[in-house]
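Below is one structure, written out as structure tokens, with a few remarks after it.
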Amino acid sequence: MWYLRLTGARILARNRRTPIGEIDIVALERSTKMLLVVEVKTRSSDHPVELSSRQMQRIARAAEWLHGRSRSPGGVRIDLIEIRWPRKWWPWPRPFPKLKRIRAAWGE
């Protein structure tokens, strides 16, 4: 969440439940007044993040539902944040994770 705040977004909700499904993070991008629906995926391996078409459809429908009830004039965008923890945990201190943000990951 700190990552989104540093990039100029205001966090509106975490783990927001909708009738369609759960949204990990709902934020408002201050520069464009766009509503951000953010899916967060954590990995500890080098395999890329994979979402099934069913997961992507569920998130897109939940984003549409949320946008229909919001007052955001800038529209809605779905972003994906990938958090990758390194395999090597030794020596201490624990290494920092690598973050990758994919803006407009799918849909519009």
Seminar exercise, completed: Expressed per residue, the solvent accessible area of the chain in Å² (1.4 Å probe) is about 68
Seminar exercise, completed: Rounded to a whole %, the carbon-and-sulfur portion of the accessible area of the chain at a 1.4 Å probe is 52
Problem set entry | Sparsely packed GluC sites (Glu not before Pro) within the range 19-101, loop by DSSP, other Cβ within 10 Å at most 14 | E50
Exercise. Of the chain, which part is the longest with no trypsin sites (Lys or Arg not before Pro) in a loop (DSSP not H, G, I, E, B) and with at most 10 other C-beta atoms within 10 angstrom?
Worked result: 1-70
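If N is the number of residues in the range 1-55, what value comes out of its Cα radius of gyration divided by 2.2 N^0.38 Å? Mind showing how you got there, number by number?
Details: Rg = 13.0 Å, N = 55, 2.2 N^0.38 = 10.1 Å.
Its radius of gyration relative to the 2.2 N^0.38 Å reference: 1.28.
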Seminar exercise, completed: Under 11 Å by backbone N from the virtual spin label 7 Å along Cα-to-Cβ at R30, the residues of the range 1-17 are 5-11
Problem set entry | C-alpha long axis of helix 53-69 to longest principal axis of the chain, angle in ° | 50
Seminar exercise, completed: Cα convex hull volume per residue for the chain, in Å³, equals 100
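The values are calculated or read from the model by the stated rules, or taken from the named source; none is laboratory data. Because the structure is a prediction, the values reported are computed rather than measured. Please note: Cβ atoms are built from the backbone with ideal geometry, for glycine as well, and neighbour counts cover all protein chains shown. Please note that ligands, DNA and RNA were not included when accessible areas were found on the heavy atoms of the full protein model with its side chains. Shrake-Rupley method; radii C 1.70, N 1.55, O 1.52, S 1.80 Å.
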